[in-house]
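Every read-out reported here was derived from the displayed coordinates using simple, explicitly stated rules and does not represent laboratory data. Everything numeric in this text was worked out from a predicted model, so none of it was measured. A quick note on method: Cβ atoms are made from the backbone with ideal geometry, for glycine too, and the neighbour counts reach across all protein chains shown.
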Amino acid sequence: MALLNILKYPDEKLRKTAEPVVKFDNNILKILNDMFETMYFNNAIGLAATQVDIHKQIIVIDISKPNIEAKPNKNSKLVLVNPEILEGSGKTYSEESCLSIPNFVALVVRYKSIYISAFDEKGYTYRIRTNGILSICIQHEIEHLFGNLIIDR
């Protein structure tokens with residue numbers, strides 16, 4: 001495993017749209033392991049591949065960190081490949097920060113609850129319905145895959 005370099009705003013590579021993953025192989029597993037290591041090293045709860053200059057639709061999330069006020073559950077650690085929000089409902093306001101924009105916090109409007117589809121690391125599709133911090137984190141990271149940042153909101 002290796003620590004990856006996190007792109008910082010205003011790096012234009014953060015605006016690049018990520019490509020869908022079509023081949024689930026050992027390269028994807030290595031990227032995922034490196035992304036988790038980088039996320040944990042930076043004390044974050046989510047990381048999109050775009051942020052580490054890998055322009056594939058890959059996200060890692062773990063909201064079970066002790067400094068996060070959320071109860072860990074079976075869905076707290078996630079791999080989201082080619083994620084898609086199928087449904088969103090309600091709205092909530094979230095104070096968000098981002099590894100790619102150090103020392104910046106934004107108040108962002110998000111869906112309160114989402115229903116998503118994604119692939120896991122082996123290429124199996126799954127769907128989850130979630131709310132709270134997990135919902136917010138997923139929405140934040142999906143925006144990175146399409147070149148959007150919290151400063152755009």
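Extending 7 Å from Cα along the Cβ direction at Lys91 and again at Arg15 yields two label points whose distance is 2.7 nm. Let a ≥ b ≥ c be the square roots of the eigenvalues of the Cα gyration tensor of the chain; is it rounded (a/c under 1.5), or, if not, prolate (a/b larger than b/c) or oblate? Verdict is rounded for the chain.
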